[in-house]
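The values are calculated or read from the model by the stated rules, or taken from the named source; none is laboratory data. Here the structure is a predicted model, which is why all the values come from computation and not from measurement. Here the Cβ positions follow ideal geometry from the backbone for every residue, glycine too, while neighbour counts run over all protein chains shown. Side chains included, ligands, DNA and RNA excluded: accessible areas come from the protein's heavy atoms. Shrake-Rupley method; radii C 1.70, N 1.55, O 1.52, S 1.80 Å.
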Amino acid sequence: SITKMVADKTIVRSFLKGNTSIEAVTQKGIKFAKPL
Amino acid sequence: MPNRYSYTFNEDTSTYNFTTKNNIEYKVVFIIDETLDSVSENAIENVYQVIIEKVSDAIEPFDSAVGRTIDNIIKSFFENAQNSLIYICSEDEEKAEIRFNVFDRWYLNSTFNKFVTKIDNVINFEVNGETYLLYTSLLYHNDNPNIEYVLTAYNSIEEVLNSK
(Lines give C-alpha, C1' and ligand atoms only; values in the text may rest on other atoms or scores of the structure.)
Protein backbone atom coordinates (compact mmCIF):
# COMPACT_ATOMS: atom_id res chain seq x y z
CA SER A 1 0.00 0.00 0.00
CA ILE A 2 2.81 2.43 0.88
CA THR A 3 4.75 1.53 -2.26
CA LYS A 4 1.63 2.29 -4.30
CA MET A 5 1.21 5.58 -2.43
CA VAL A 6 4.76 6.66 -3.30
CA ALA A 7 4.34 5.52 -6.92
CA ASP A 8 1.03 7.40 -7.20
CA LYS A 9 2.77 10.60 -6.08
CA THR A 10 5.36 10.19 -8.84
CA ILE A 11 2.71 9.63 -11.52
CA VAL A 12 0.62 12.58 -10.37
CA ARG A 13 3.68 14.88 -10.31
CA SER A 14 4.41 13.81 -13.89
CA PHE A 15 0.76 14.49 -14.79
CA LEU A 16 0.92 17.97 -13.24
CA LYS A 17 4.05 18.68 -15.28
CA GLY A 18 2.17 17.66 -18.42
CA ASN A 19 4.27 14.56 -19.06
CA THR A 20 1.58 11.98 -18.28
CA SER A 21 -1.99 11.86 -19.57
CA ILE A 22 -5.07 11.88 -17.34
CA GLU A 23 -5.97 8.50 -18.87
CA ALA A 24 -2.68 7.02 -17.62
CA VAL A 25 -3.41 8.42 -14.16
CA THR A 26 -6.93 7.00 -13.98
CA GLN A 27 -5.74 3.63 -15.31
CA LYS A 28 -3.59 3.39 -12.17
CA GLY A 29 -6.74 3.76 -10.08
CA ILE A 30 -5.75 7.19 -8.79
CA LYS A 31 -8.79 9.27 -7.81
CA PHE A 32 -8.81 13.02 -7.35
CA ALA A 33 -10.78 14.94 -4.77
CA LYS A 34 -13.32 17.52 -5.85
CA PRO A 35 -13.68 20.75 -3.92
CA LEU A 36 -16.62 21.34 -1.59
CA MET B 1 3.21 42.49 -2.70
CA PRO B 2 0.02 40.42 -2.77
CA ASN B 3 -1.04 38.71 0.44
CA ARG B 4 -1.73 35.60 -1.59
CA TYR B 5 -2.48 34.72 -5.19
CA SER B 6 -5.95 34.03 -6.49
CA TYR B 7 -6.36 30.49 -7.74
CA THR B 8 -8.76 28.54 -9.91
CA PHE B 9 -10.02 24.98 -9.84
CA ASN B 10 -9.80 23.15 -13.16
CA GLU B 11 -12.75 20.74 -13.38
CA ASP B 12 -11.12 18.70 -16.15
CA THR B 13 -7.90 17.97 -14.28
CA SER B 14 -9.17 18.41 -10.68
CA THR B 15 -6.23 20.71 -9.96
CA TYR B 16 -5.97 24.05 -8.19
CA ASN B 17 -3.84 26.39 -10.29
CA PHE B 18 -2.15 29.72 -9.68
CA THR B 19 0.60 31.78 -11.25
CA THR B 20 2.99 34.00 -9.31
CA LYS B 21 4.17 37.54 -10.03
CA ASN B 22 7.34 35.93 -11.48
CA ASN B 23 5.17 33.96 -13.92
CA ILE B 24 5.81 30.67 -12.14
CA GLU B 25 2.92 28.24 -12.36
CA TYR B 26 1.89 26.02 -9.44
CA LYS B 27 -0.61 23.18 -9.31
CA VAL B 28 -2.11 21.59 -6.21
CA VAL B 29 -4.09 18.37 -6.19
CA PHE B 30 -5.66 16.14 -3.54
CA ILE B 31 -5.71 12.43 -4.29
CA ILE B 32 -7.65 9.78 -2.42
CA ASP B 33 -5.38 7.62 -0.29
CA GLU B 34 -6.42 4.14 0.75
CA THR B 35 -3.48 3.28 3.01
CA LEU B 36 -5.49 3.74 6.21
CA ASP B 37 -8.52 1.99 4.76
CA SER B 38 -6.33 -1.00 3.91
CA VAL B 39 -5.27 -1.45 7.55
CA SER B 40 -8.64 -0.79 9.19
CA GLU B 41 -11.49 -3.06 10.18
CA ASN B 42 -13.79 -0.09 9.58
CA ALA B 43 -14.17 1.68 6.26
CA ILE B 44 -12.01 4.80 6.30
CA GLU B 45 -12.94 7.47 3.80
CA ASN B 46 -11.95 11.08 3.16
CA VAL B 47 -8.22 10.52 3.59
CA TYR B 48 -6.09 12.25 0.97
CA GLN B 49 -2.56 13.07 -0.04
CA VAL B 50 -1.85 16.60 -1.13
CA ILE B 51 0.60 17.05 -3.99
CA ILE B 52 2.06 20.47 -4.73
CA GLU B 53 4.01 20.92 -7.92
CA LYS B 54 5.90 23.89 -9.31
CA VAL B 55 5.14 23.29 -12.96
CA SER B 56 7.46 25.93 -14.39
CA ASP B 57 11.13 24.99 -14.68
CA ALA B 58 12.37 28.50 -13.89
CA ILE B 59 13.93 29.08 -10.48
CA GLU B 60 11.51 30.89 -8.19
CA PRO B 61 12.91 33.69 -6.04
CA PHE B 62 11.55 33.45 -2.49
CA ASP B 63 7.90 34.45 -2.59
CA SER B 64 5.97 34.24 0.68
CA ALA B 65 2.66 34.62 -1.17
CA VAL B 66 3.12 31.09 -2.56
CA GLY B 67 3.03 29.56 0.92
CA ARG B 68 0.04 31.69 1.89
CA THR B 69 -1.83 30.60 -1.23
CA ILE B 70 -1.20 26.91 -0.57
CA ASP B 71 -2.17 27.49 3.06
CA ASN B 72 -5.49 28.94 1.88
CA ILE B 73 -6.19 25.99 -0.45
CA ILE B 74 -5.57 23.51 2.38
CA LYS B 75 -7.61 25.57 4.83
CA SER B 76 -10.53 25.35 2.37
CA PHE B 77 -9.97 21.60 2.08
CA PHE B 78 -10.56 21.29 5.84
CA GLU B 79 -13.92 23.07 5.60
CA ASN B 80 -15.14 19.49 5.36
CA ALA B 81 -14.35 18.34 8.90
CA GLN B 82 -14.29 14.70 7.80
CA ASN B 83 -11.29 15.27 5.54
CA SER B 84 -7.83 14.14 6.66
CA LEU B 85 -4.43 14.43 5.04
CA ILE B 86 -1.79 11.73 5.26
CA TYR B 87 1.86 12.30 4.47
CA ILE B 88 4.22 9.37 4.03
CA CYS B 89 7.75 9.76 2.76
CA SER B 90 10.17 6.86 2.67
CA GLU B 91 13.87 7.46 3.14
CA ASP B 92 14.61 6.24 -0.39
CA GLU B 93 12.74 9.27 -1.68
CA GLU B 94 14.94 12.27 -2.25
CA LYS B 95 15.46 14.51 0.79
CA ALA B 96 12.81 12.70 2.86
CA GLU B 97 13.93 14.06 6.23
CA ILE B 98 14.30 17.63 4.93
CA ARG B 99 10.82 17.50 3.35
CA PHE B 100 9.38 16.09 6.58
CA ASN B 101 10.87 18.96 8.61
CA VAL B 102 9.72 21.56 6.07
CA PHE B 103 6.21 20.07 6.26
CA ASP B 104 6.33 20.45 10.06
CA ARG B 105 7.45 24.10 9.92
CA TRP B 106 4.81 24.83 7.33
CA TYR B 107 2.09 23.39 9.60
CA LEU B 108 3.30 25.33 12.65
CA ASN B 109 3.10 28.57 10.65
CA SER B 110 -0.24 27.74 9.03
CA THR B 111 -3.49 29.61 9.60
CA PHE B 112 -5.40 26.39 10.29
CA ASN B 113 -3.34 24.83 13.08
CA LYS B 114 -5.88 25.99 15.67
CA PHE B 115 -8.53 23.61 14.31
CA VAL B 116 -6.41 21.01 12.53
CA THR B 117 -4.15 18.69 14.53
CA LYS B 118 -0.98 17.16 13.12
CA ILE B 119 0.57 14.03 14.56
CA ASP B 120 3.87 12.55 13.40
CA ASN B 121 5.40 9.13 13.53
CA VAL B 122 8.84 8.20 12.23
CA ILE B 123 8.72 4.43 11.86
CA ASN B 124 11.75 2.18 11.91
CA PHE B 125 11.04 -1.33 10.68
CA GLU B 126 12.78 -4.34 9.27
CA VAL B 127 12.02 -6.46 6.21
CA ASN B 128 14.20 -9.44 5.28
CA GLY B 129 16.99 -8.20 7.53
CA GLU B 130 17.03 -4.70 6.03
CA THR B 131 16.05 -1.68 8.11
CA TYR B 132 13.79 0.99 6.64
CA LEU B 133 12.72 4.42 7.84
CA LEU B 134 9.34 5.92 7.09
CA TYR B 135 8.40 9.54 7.82
CA THR B 136 4.66 9.86 8.40
CA SER B 137 2.22 12.59 9.42
CA LEU B 138 -1.53 12.77 9.73
CA LEU B 139 -3.53 15.99 9.73
CA TYR B 140 -7.14 15.88 10.88
CA HIS B 141 -9.86 18.36 11.78
CA ASN B 142 -10.48 18.57 15.52
CA ASP B 143 -14.21 18.05 14.89
CA ASN B 144 -13.76 14.98 12.68
CA PRO B 145 -16.53 12.59 13.80
CA ASN B 146 -14.59 9.54 12.60
CA ILE B 147 -11.28 10.41 14.18
CA GLU B 148 -11.23 7.40 16.49
CA TYR B 149 -11.20 5.01 13.51
CA VAL B 150 -8.69 7.15 11.61
CA LEU B 151 -6.25 7.30 14.53
CA THR B 152 -6.57 3.58 15.22
CA ALA B 153 -5.72 2.84 11.58
CA TYR B 154 -2.84 5.35 11.55
CA ASN B 155 -1.32 3.87 14.71
CA SER B 156 -1.71 0.34 13.42
CA ILE B 157 0.72 1.03 10.56
CA GLU B 158 3.64 0.96 12.98
CA GLU B 159 2.26 -2.01 14.92
CA VAL B 160 1.97 -4.14 11.79
CA LEU B 161 5.30 -3.03 10.33
CA ASN B 162 7.03 -4.00 13.57
CA SER B 163 5.21 -7.31 13.96
CA LYS B 164 7.21 -10.48 13.39
Note on segment B:1-46: residues buried by at least 20 Å² of accessible area once partner chains are added (vs chain on its own, 1.4 Å probe) come out as B:Phe9, B:Glu11, B:Thr13, B:Ser14, B:Tyr16, B:Lys27, B:Val29, B:Phe30, B:Ile31, B:Ile32, B:Glu34, B:Thr35
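Would you mind getting the accessible area per residue of segment B:13-164, heavy atoms of the protein chains only, 1.4 Å probe, in Å²?
Normalised by residue count, the accessible surface of segment B:13-164 is 52 Å².
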In square angstrom to the nearest 100, the accessible surface buried at the A/B interface, both sides summed with a 1.4 Å probe, amounts to 2300 Å²
Test assert for segment A:11-28: residues whose accessible surface shrinks by at least 50 Å² between chain alone and all chains, 1.4 Å probe, equal A:Arg13, A:Leu16, A:Lys17
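Report for chain B the percent antiparallel among DSSP-assigned beta bridges with both residues inside it, nearest 5.
Restricted to chain B, the bridges split so that about 95 percent are antiparallel.
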On the accessible surface of segment B:8-161, probed at 1.4 Å with all protein chains in place, carbon and sulfur together account for a percent value of 46 percent
So, relative contact order of chain B in percent, Cα under 8 Å, 6 or more apart, is 21 percent
Mean 1/r over distinct Cα pairs of the protein assembly as shown, inverted to a Kirkwood Rh in Å, yields 17.8 Å
Here, B:Asn162 and A:Ser1, labelled 7 Å along Cα→Cβ, have an inter-label distance in nm of 1.8 nm
For the table A:Lys4/B:Lys21; B:Lys27/B:Lys95; A:Lys17/B:Lys95; A:Lys9/B:Lys118; A:Lys28/B:Lys118, the rows whose alpha-carbon distance is greater than 24 Å are A:Lys4/B:Lys21; A:Lys28/B:Lys118
